[in-house]
1. Which residue pairs have Cβ atoms closer than 7 Å, lie 6 or more positions apart in sequence or on different chains, and pair a first residue in segment 9-26 that is closer than 18 Å to MET136 by Cβ with a second residue that is among the hydroxyl-bearing types (Ser, Thr, Tyr) and crowded, with 17+ Cβ neighbours inside 10 Å?
2. Quick one: what pairs do we get from segment 44-65, first residue at pLDDT 80 or above, second open to solvent by less than 40 Å² (accessible area, probe 1.4 Å) and part of a loop (DSSP other than H, G, I, E, B), C-beta under 7 Å, 6+ apart or different chains?
3. Being at pLDDT 70 or above and either open to solvent by 90 Å² or more (accessible area, probe 1.4 Å) or among the β-branched types (Val, Ile, Thr) (or both) is the filter here, so list the residues in segment 67-95 that pass it.
4. Tally up the residues in segment 22-37 that are in a helix (DSSP H, G or I) and either open to solvent by 70 Å² or more (accessible area, probe 1.4 Å) or basic (Lys, Arg) (or both), please.
5. Scan segment 38-56 residue by residue and report those that are out of contact with any Lys or Arg (no Cβ under 9 Å at 6 or more places or on another chain) and part of a helix (DSSP H, G or I).
6. Is it fair to say ALA19 is surrounded by 12 or more Cβ atoms within 10 Å (Cβ to Cβ) and within 27 Å of GLN130 (Cα to Cα)?
7. How many residues does segment 161-179 contain that are free of Cβ contacts under 8 Å to residues at least 12 places away in the same chain and over 16 Å from the mean Cα position of the chain (by Cα)?
8. Where residues in segment 117-134 are farther than 23 Å from TRP160 by Cβ and modelled with pLDDT of 80 or more, which of them is most open to solvent (accessible area, probe 1.4 Å)?
Amino acid sequence: MNDIAAQLNLLRPQLLKFAQMQLRNAAWAEDAVSETLLVAIEKPQSFSGLSQLKTWLIGILKHKLVDQIRRNCREMSSTQEDAEDLDEDLFKADGHWRERPKDWGDPDHCLRQVDFMKVMEACVEHLPGQQGRLFMMREWLELDTEEICQQLSISPSNLWVMLHRARLRLRECLQLNWFDAQELQAGVAT
């Protein structure tokens with residue numbers, strides 16, 4: 001039992017960081033992580049060992065985050081930044097890119113890289129207002145449109161606009177902080 005307690009203690013900061021990124025509320029994040037660790041301590045036999053302990057805990061944490069979102073959805077508010085439109089900055093009036101995005105090569109290869117995931121997390125953390133939360137609800141927690149809209153009292157069209165804006169901002173952030181940086185490093189190496 002001491003071994004699992006030590007492992008849980010080591011993983012706790014990572015779980016807390018992820019929960020805070022999703023919920024953007026330290027108390028709610030702490031509650032979700034505490035509930036996750038409590039499940040792990042009370043039911044260690046549920047961990048089959050077929051995956052890593054961290055993977056198992058994140059699976060539990062996802063459910064606890066959804067529970068927190070459901071409990072506290074009325075307190076999650078929109079900000080003015082959620083309404084900012086990037087389309088004019090990125091697209092011409094005819095709908096074409098102002099500056100065509102660079103080829104990202106093989107995205108699957110990048111996803112396997114730990115450093116990429118750190119940059120991705122930082123980009124999500126810096127999304128304004130609810131955009132990061134909505135993106136994580138949809139893409140990470142895999143909640144469906146109806147549930148997200150119901151929990152946050154927004155319309156499906158509002159959700160899709162905010163997700164569109166979040167994806168544009170993520171693309172811009174990843175381009176600047178990962179793909180352009182990789183290109184610079186490759187240029188220095190040659």
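The values are calculated or read from the model by the stated rules, or taken from the named source; none is laboratory data. Just so it is clear, the model here is predicted, and its values are computed rather than measured. No Cβ is skipped: glycine too gets one built from the backbone with ideal geometry, and neighbour counts run over all protein chains shown. Accessible surface is based on the protein model in full, side chains and every heavy atom, while ligands, DNA and RNA are left aside. Shrake-Rupley method; radii C 1.70, N 1.55, O 1.52, S 1.80 Å.
1. Qualifying pairs under 7 Å: LEU15/THR36.
2. LYS62/LEU141; LEU65/LEU141
3. ILE69, ARG70, ARG71, GLU88, ASP89, LYS92, ALA93, ASP94
4. So in segment 22-37, the residues in a helix (DSSP H, G or I) come out as 22-23, 26-37.
Narrowing further to those that are either open to solvent by 70 Å² or more (accessible area, probe 1.4 Å) or basic (Lys, Arg) (or both): 31.
Counting residues in segment 22-37 that are in a helix (DSSP H, G or I) and either open to solvent by 70 Å² or more (accessible area, probe 1.4 Å) or basic (Lys, Arg) (or both) gives 1.
5. Once the filter is applied, which keeps residues that are out of contact with any Lys or Arg (no Cβ under 9 Å at 6 or more places or on another chain) and part of a helix (DSSP H, G or I), segment 38-56 yields LEU38, ALA40, ILE41, GLU42, PRO44, GLN45, SER46, LEU53, LYS54, THR55, TRP56.
6. Working: surrounded by 12 or more Cβ atoms within 10 Å (Cβ to Cβ): yes; within 27 Å of GLN130 (Cα to Cα): yes.
Against the criterion (surrounded by 12 or more Cβ atoms within 10 Å (Cβ to Cβ) and within 27 Å of GLN130 (Cα to Cα)), ALA19 qualifies.
7. So the first thing to find is which residues in segment 161-179 are free of Cβ contacts under 8 Å to residues at least 12 places away in the same chain, and the list is 161, 164, 176.
This time we only want the ones that are over 16 Å from the mean Cα position of the chain (by Cα), so: 161, 176.
Summing the residues that are free of Cβ contacts under 8 Å to residues at least 12 places away in the same chain and over 16 Å from the mean Cα position of the chain (by Cα) in segment 161-179 gives 2.
8. Taking segment 117-134 and keeping what is farther than 23 Å from TRP160 by Cβ, we get 117-119, 121-122.
Next cut, modelled with pLDDT of 80 or more only: 118-119, 121-122.
Working: LYS118: 127, VAL119: 30, GLU121: 67, ALA122: 41 Å².
Step by step, filter segment 117-134, then rank; the result is LYS118.
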